[in-house]
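Participant: Sharing a structure here in structure tokens format.
The values are calculated or read from the model by the stated rules, or taken from the named source; none is laboratory data. The structure displayed is predicted, hence computed values, not measured ones. Here the Cβ is made from the backbone with ideal geometry for all residues, glycine too, and neighbour counts use every protein chain on show. Calculation scope for accessible area: heavy atoms of the full protein, side chains included, ligands and nucleic acids excluded. Shrake-Rupley method; radii C 1.70, N 1.55, O 1.52, S 1.80 Å.
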Amino acid sequence: MKQDFCQSCGMPLTDTNKGTNADGSSNEEYCTYCYKEGKFSQDFTMSQMIEFCAQFTEQMNKETGWNLTPEQAKEQMHRFFPHLKRWKRKDERTLAEKAAALLSQCSEVTIASIDAHGFPRPVPMSKIHTEGCNEVWLATGADSVKVADFKQNGKAGLCYSYYGDSVSLRGTVEIVTDDTVRKEMWQEWFIHHFPGGIADPNYVLLHFTGSEATFWINGEFAHEEL
């Protein structure tokens, strides 16, 4: 009997793991982990899907009797996945558009300031708002080292990644204290850091805008001015 495979992740398809169409019927091409209610569950590139699937190499070895390392599994997927229906379709988006989708998937970015001695100081931070692929809003304390750095030098670097795809940006940071903007950007969990709420004088925003980008997305590498 011919074995069908999910045309997104390569998983063998059975009657119990098929995805669903918009009308609730079974989909004959994609598994339930990749496709539900007529939509893909993840906005992945092929390379991201490979990185995601490689996490389950041990489980795959148990089910198949194979003895692959994660790197060997990735190598096999790189050969197999281009033949699957989802990845045969050419992605017509620009790199900047793909990067914007990538940024929307990330909960955390790393931003680097320049300290008083001229050294970069990278710090991971939770993003709170983004626009496109190169504008990121962050919340921090007015008394933080980051704010002191950016008051002296507004130049900054910022990078983000998700399942193997990544973007590195060079740009500048604006320290925002405007009450209207602080209210607009406020999120409930901020109260753990700023007990005074929206009016807490220690609550400020960092608005990063990137002017140059280095993209590594789905195996494509490029430097671009934005």
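Participant: Could you give the dipole magnitude of segment 1-81 about its Cα centre, charging the beta-carbon of Lys and Arg +1 and that of Asp and Glu -1, in debye to the nearest 20?
Facilitator: 100 debye
Participant: OK, next. Nearest 0.05, what FRET efficiency do A142 and F40 give at R0 = 41 Å with Cβ-Cβ as r?
Facilitator: The pair A142/F40 has a calculated efficiency of 0.45.
Participant: Calculated FRET efficiency, T69 and D23, Cβ-Cβ r, R0 45 Å, to nearest 0.05?
Facilitator: 0.60
Participant: Hey, can you find the accessible area per residue of the chain for me, probe 1.4 Å, expressed in square angstrom?
Facilitator: Per residue, the chain has 59 Å² of solvent-accessible surface.
Participant: Pairs to check: K2/K90; K98/K183; K36/K85; K98/K146; K36/K62; K2/K39. Give those whose C-alpha atoms are more than 21 Å from each other in this structure.
Facilitator: K2/K90; K98/K183; K98/K146; K36/K62; K2/K39
Participant: Still on this structure: Which whole-Hz ³J(HN,Hα) couplings does segment 203-210 yield from phi under the Karplus relation 6.51 cos²θ - 1.76 cosθ + 1.60, θ = phi - 60°, glycine and proline marked x?
Facilitator: 8, 10, 10, 10, 10, 8, 10, x
Participant: While we're on this one: Which one of H223, G171, N61 is farthest out on the positive end of the charge dipole of the chain, using unit charges on Cβ (Lys, Arg +1; Asp, Glu -1) and the Cα centre as origin?
Facilitator: N61
Participant: I would also like to ask the following. Let me know the charge dipole size of segment 107-226 about its Cα centre in debye, to the nearest 20, where only the beta-carbon of Lys, Arg (+1) and Asp, Glu (-1) is charged.
Facilitator: For segment 107-226, the charge dipole is close to 320 debye.
Participant: OK, next. Say R0 is 25 Å: what FRET efficiency, to the nearest 0.05, do I198 and S104 get from their beta-carbon distance? Walk me through the intermediate numbers first.
Facilitator: On the way: r = 25 Å, r/R0 = 1.00.
Plugging the Cβ-Cβ distance into 1/(1 + (r/R0)^6) gives 0.50.
Participant: If you don't mind, there's one more thing I want to ask. Give, rounded to the nearest 20 debye, the magnitude of the charge dipole that the chain has about its Cα centre when Lys and Arg contribute +1 at Cβ and Asp and Glu contribute -1 at Cβ.
Facilitator: Values: 22 positive and 32 negative charges, 96 e Å.
Dipole size: approximately 460 debye.
Participant: First compute the accessible area of the chain with a 1.4 Å probe, then give the percent of it belonging to carbon and sulfur atoms. Present the calculation step by step, with values, prior to reporting the outcome.
Facilitator: Values: 6740 of 13260 Å².
It is 51 percent, rounded to a whole number.
Participant: Going toward the positive end of the dipole of the chain, with +1 on Lys and Arg Cβ and -1 on Asp and Glu Cβ, which of S104, I191, N153 do you reach last?
Facilitator: Comparing the listed Cα positions along the dipole, S104 ranks first.
Participant: If you don't mind, there's one more thing I want to ask. What does the highest-first list of 124-132, 7-15 look like by mean Cβ count within 10 Å?
Facilitator: Answer by packing, highest mean first, reads 7-15, 124-132.
Participant: Compute the helix-to-body angle for 70-80: its Cα long axis versus the longest principal axis of the chain, expressed 0 to 90° and rounded to tens.
Facilitator: Helix 70-80 sits at roughly 60 degrees to that axis.
Participant: Could you run the Karplus curve 6.51 cos²θ - 1.76 cosθ + 1.60 with θ = phi - 60° over segment 163-178 and give me ³J(HN,Hα) per residue in whole Hz, x for Gly and Pro?
Facilitator: Rounded to whole hertz, the list is 6, x, 7, 8, 9, 10, 10, 10, x, 9, 10, 10, 8, 10, 10, 4.
Participant: Report, by chain and number, residues whose modeled amide H sits under 5 Å from the one on T32, excluding near sequence neighbours (fewer than 5 apart, same chain).
Facilitator: K18, G19
Participant: Quick one: angle between helix 95-105 and the longest Cα principal axis of the chain, in degrees between 0 and 90, rounded to 10, please.
Facilitator: That helix lies at roughly 80 degrees to the long axis.
Participant: Continuing with this model, one more query. So if I take the centroid of the Cα atoms in segment 160-194 and the same for segment 79-108, what is the distance between those two points in Å?
Facilitator: The distance from the Cα centre of segment 160-194 to that of segment 79-108 comes to 24 Å.
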